[in-house]
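Participant: Here it is: the structure, laid out below.
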Amino acid sequence: MSLNLLDYDAEKLAALMVQMGEKPFRAKQLLKWVHQRGAADFDVMSDIAKSFRQKLAEQACVAPPSMMAEQIAQDGTRKWLLDVGTGNGVEAVFIPEDDRGTLCVSSQVGCALDCTFCSTARQGFNRNLSTAEIVGQLWWANQRLSFDAARLGSAVNDDTRIVSNVVMMGMGEPLANYDNVVSAMKLMLDDNAYGLSRRRVTLSTSGMVPQLLKLREDCPVALAVSLHAPNDKIRDEIVPINKKYPLKELLNACNLYLEKAPRDFVTFEYVMLAGINDQPEHARQLVDLARSVSCKFNLIPFNPFPNSGYARSGREAIARFRDILSNAGYIVTVRKTRGDDIDAACGQLAGQVLDKTRRTEKLAETRPILFQQK
Ligand code: SAH
């Protein structure tokens with residue numbers, strides 16, 4: 001089988017070059033061609049000797065996942081369903097804003113954790129994505145967006161970064177697919193590839209403590225933690241991995257992580273579930289709980305999906321909750337719901353998962369996929 005160059009971060013690519021009888025610096029040239037210029041064809045790589053290009057063409061390829069469906073929301077948010085083979089699809093979402101463009105990237109086909117309010121969890125789990133399939137989402141988005149920009153006549157030049165930020169907040173638990181996620185993030189940060197600063201790549205985790213501490217050493221990017229509860233009792237219920245790594249351990253790991261992180265705070269994500277975790281007493285508990293960690297709060301109004309069994313907290317409940325936190329001195333934002341008309345909002349990414357865990361047998365209904373022809 002041919003080697004997919006999207007699977008190789010700089011270090012691995014340099015080793016591959018040596019293995020192929022080339023100097024390690026060839027890796028830099030290749031990274032630039034593949035990731036910066038989006039080349040998938042070795043013929044165009046004019047600064048690489050023809051004989052080596054031929055060898056590459058025989059042994060290697062640049063194979064990102066291909067698009068199965070694209071949906072564009074009223075607010076410009078785009079969701080792509082990307083084909084990752086054998087009937088599986090994962091979703092990536094691009095969220096344009098005035099001052100940045102954020103790509104939300106998936107790390108697994110489905111998710112093996114069982115957060116009760118998340119639609120990806122309901123889809124069950126099939127497998128981890130490869131590095132190529134993870135970084136391929138960024139490769140793909142850049143291609144697609146620059147193609148459209150050129151078609152629509154907007155100015156695109158080498159300085160224009162259409163995707164300026166990446167959040168590892170799509171389908172899956174990124175720290176459960178540690179090695180592939182780290183290699184993909186290294187490419188996102190590499191100056192010869194995407195050159196994003198560590199502050200502009202955010203990993204969100206439900207709280208896998210040992211892997212979080214490893215990430216601190218290997219690739220400390222900005223950190224978001226799916227806290228969602230002010231105490232272990234509620235968190236055990238809705239984020240079951242809490243039974244393995246309870247709040248005290250998790251917060252301790254956050255503090256250790258911050259010693260190496262590119263930002264001096266952790267973002268605590270907190271989904272607002274009516275009647276479950278949104279009461280003033282919960283906010284007050286949270287005020288005390290989070291004291292020990294330098295943090296900001298991002299309240300996420302629950303995004304509904306069929307048979308979720310939950311309801312979004314009302315506006316007033318969210319405002320009251322926010323005020324209790326901010327009056328105690330915390331910085332709090334309420335996440336704007338983007339792309340919810342195409343089910344592209346947090347926790348709504350479901351992709352197409354051939355479940356291996358049988359969780360989906362409980363699920364009666366599948367969602368139709370709209371294909372918007374461009
Ligand atoms: N598994 C990682 C990455 C997913 S990030 C994590 O748990 O952090 C997606 C964010 O959306 C997480 O904070 C997740 O808890 C939250 N989320 C999941 N389902 C949601 C829903 N239905 N409505 C709003 N937010 C949701």
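What follows is calculated from the coordinates using simple rules that are stated; it is not laboratory data. No experiment lies behind these values; they were computed from the predicted model shown. Using ideal geometry, Cβ is built from the backbone for each residue, glycine included, and neighbour counts are taken over all protein chains shown.
Participant: Would you pull out the residues with amide H under 5 Å of residue 169's amide H, same chain only if 5 or more places away, H placed 1.01 Å from N?
Facilitator: Hits under the 5 Å cutoff: 105.
Participant: Let me ask something else about it. Over region 60-148, what portion of Cα pair distances is larger than 19 Å, expressed as a whole percent?
Facilitator: Of all Cα-Cα distances in region 60-148, 42 percent exceed 19 Å.
Participant: While we're on this one: Taking the chain as a Gaussian network, Cα atoms linked when under 10 Å apart, which of 252, 277, 180 shows the biggest mean-square fluctuation?
Facilitator: Looking only at 252, 277, 180, the largest GNM fluctuation is found for 252.
Participant: Okay, moving on. For residue 50, give me every one of the aspartates and glutamates with a C-alpha distance below 20 angstrom, ignoring sequence neighbours fewer than eight places off in its own chain.
Facilitator: Straight-line reach from residue 50, under 20 Å: 22, 41, 58.
Participant: If the limit is 28 Å between Cα atoms, which of 243/356; 28/55; 248/356; 55/79; 186/233; 244/356 go over it? Can you show the working numbers first?
Facilitator: Details: 243/356 23 Å; 28/55 17 Å; 248/356 33 Å; 55/79 36 Å; 186/233 37 Å; 244/356 23 Å.
Pairs exceeding 28 Å: 248/356; 55/79; 186/233.
Participant: As a check on your grasp of the helix formula, calculate [θ] at 222 nm for the chain: sum -39500 (n - 2.57) over DSSP H runs of n ≥ 4, divide by the residue count, round to the nearest 500.
Facilitator: -9000 deg cm²/dmol
Participant: Further question: Under unit Cβ charges (Lys, Arg +1; Asp, Glu -1), what dipole magnitude, rounded to 20 debye, does region 1-117 have relative to its Cα centre?
Facilitator: Charge dipole, region 1-117, about its Cα centre: 620 debye, nearest 20.
Participant: So, one more: Report, as a whole number in µm² per second, the diffusion coefficient that Stokes-Einstein gives for the chain at 20 °C and 1.002 mPa s using the Kirkwood radius over alpha carbon pairs. Show your work: numbers first, answer last.
Facilitator: Working: Rh = 21.5 Å.
Estimated diffusion coefficient is 100 µm²/s.
Participant: Can you work out ³J(HN,Hα) from phi for every residue in region 12-21, in order, using Karplus 6.51 cos²θ - 1.76 cosθ + 1.60 and θ = phi - 60°, giving whole Hz and x for Gly and Pro?
Facilitator: After applying 6.51 cos²θ - 1.76 cosθ + 1.60, I find 5, 5, 4, 5, 5, 4, 4, 4, 8, x Hz.
Participant: Continuing with this model, one more query. By a straight-distance test (C-alpha under 13 Å), which aspartates and glutamates pair with residue 296 as possible cross-link partners, with residues fewer than eight away in the same chain excluded?
Facilitator: 264, 269
Participant: Over the residues of region 1-159, compute the C-alpha Rg and express it relative to 2.2 N^0.38 Å.
Facilitator: Taking N as the residue count of region 1-159, the ratio is 1.17.
Participant: Next question, about the same structure. Amide H of residue 226 versus every other amide H placed in the peptide plane: which residues, excluding those fewer than 5 positions away on the same chain, fall under 5 Å?
Facilitator: It is 205, 206, 207, 269, by chain and number.
Participant: Please report Rg (one decimal) and Dmax (integer) in Å for the Cα set of region 230-369.
Facilitator: 16.7, 46
Participant: So what J values fall out for region 213-229 if you push phi through Karplus, 6.51 cos²θ - 1.76 cosθ + 1.60 with θ = phi - 60°, rounded to Hz, Gly and Pro as x?
Facilitator: Running phi through 6.51 cos²θ - 1.76 cosθ + 1.60 with θ = phi - 60° gives 6, 6, 4, 3, 8, 7, 6, x, 9, 5, 10, 10, 10, 7, 7, 6, 8 Hz.
Participant: Non-local amide H neighbours of residue 39 (under 5 Å, H modeled in plane, Pro and chain starts lacking H): which ones?
Facilitator: Here 34 satisfy the definition.
Participant: For region 167-307, with equal point scatterers placed on the C-alpha atoms only and solvent neglected, what are the log10 I(q)/I(0) values from the Debye formula at q = 0.21 1/Å, to two decimals?
Facilitator: -1.34
Participant: Along its principal axes, what span do the Cα atoms of region 85-219 show, with the longest given first and each in whole Å?
Facilitator: So the three principal-axis extents are 45, 35, 27 Å.
Participant: Helix 50-59 sits at what angle to the longest principal axis of the chain, using alpha carbons and giving 0 to 90 degrees rounded to 10?
Facilitator: Tilt relative to the chain: about 50 degrees.
Participant: In whole angstrom, how far apart do the alpha carbon centroids of region 225-242 and region 53-95 sit?
Facilitator: 33 Å
Participant: Restricting to the chain, what percent of DSSP beta bridges are antiparallel, rounded to 5?
Facilitator: Counting DSSP beta bridges with both partners in the chain, the antiparallel share is about 45 percent.
Participant: Can you give me the P(r) profile for region 296-351? Cα pairs, bins 10 angstrom wide beginning at 0, each as a whole percent.
Facilitator: 22, 46, 26, 6
Participant: Sorted by packing (mean other beta-carbon atoms within 10 Å per residue), highest first, where do 45-57, 255-267 land?
Facilitator: Taking the mean over residues of other Cβ atoms within 10 Å, the ranking is 255-267, 45-57.
Participant: Where a Cα-Cα gap under 17 Å defines reach, which aspartates and glutamates qualify for residue 23, not counting those fewer than 8 residues away within the same chain?
Facilitator: The reachable aspartates and glutamates, counting only those whose Cα sits under 17 Å from residue 23, are 9, 11, 47.
Participant: Sort out for me the Cα centre separation of region 324-355 from region 164-211, rounded to whole Å.
Facilitator: 18 Å
Participant: So what are the radius of gyration and Dmax for the Cα set of region 1-70, in Å?
Facilitator: In Å, with Rg to one decimal and Dmax whole: 12.1, 41.
Participant: In addition: Among 67-77, 114-124, how do they line up from the highest to the lowest mean number of other beta-carbon atoms within 10 Å?
Facilitator: Result, highest mean Cβ count within 10 Å first: 114-124, 67-77.
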